[in-house]
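These notes concern the structure reproduced below.
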Amino acid sequence: MGQPHLEALAAAHPEIAEAHRGLAEVHAQRGERQEALQELHVALRLNANDAETYFDLGTIELVRGSAAAAVTALETAVRLAPSEAEYHRELSSAYQRESRMGDAEREHQIYEKLLSTPAAASVVATRP
């Protein structure tokens, strides 16, 4: 769904968290990180238990160089969806940027273990 459609959906139904997360994705793809962050925060106010939104937030924070904010968001994503291998991989990266090497290694090991599960490996391989 394109940005005009998502904007129209979010305007008509501001209570739909997925519309705001979709807009955040469009903004992030365009390099509009501040706008993406704003939409992700709206999505989280509407659905505070969406691991994917926390993951997206953490990923953008990593790109922005805000490792501490990324760690907070990614720890929440991992807590909400512990079987998502890529969440552990990104959290490992965030820990590395915070010089938390023991935590980074632990998360990397979890990531590797999850990848050794055929179902998890196929899901990670299909994601961009």
Open item on the list: Looking only at residues that are closer than 16 Å to Arg64 by Cα, in contact (Cβ under 8 Å) with a residue 12 or more places away in the chain and not hydrophobic (A, V, I, L, M, F, W, C) in the range 22-33, which one is surrounded by the most Cβ atoms within 10 Å (Cβ to Cβ)?
Closed with: His27
Task: So Glu18, is it at pLDDT below 90 and over 15 Å from Leu80 (Cβ atoms) - done: yes
Open item on the list: If I go through the range 44-68 residue by residue, how many of them are over 12 Å from the mean Cα position of the chain (by Cα) and either surrounded by 23 or more Cβ atoms within 10 Å (Cβ to Cβ) or assigned to a helix (DSSP H, G or I) (or both)?
Closed with: 5
Open item on the list: Looking at Ala11, Ala81, Ala36 in this structure, which one is modelled with pLDDT under 95, surrounded by fewer than 22 Cβ atoms within 10 Å (Cβ to Cβ) and not hydroxyl-bearing (Ser, Thr, Tyr)?
Closed with: Ala11
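The values are calculated or read from the model by the stated rules, or taken from the named source; none is laboratory data. Here the structure is a predicted model, which is why all the values come from computation and not from measurement. Here Cβ is always computed from backbone atoms with ideal geometry, including for glycine, and neighbour counts include all displayed protein chains.
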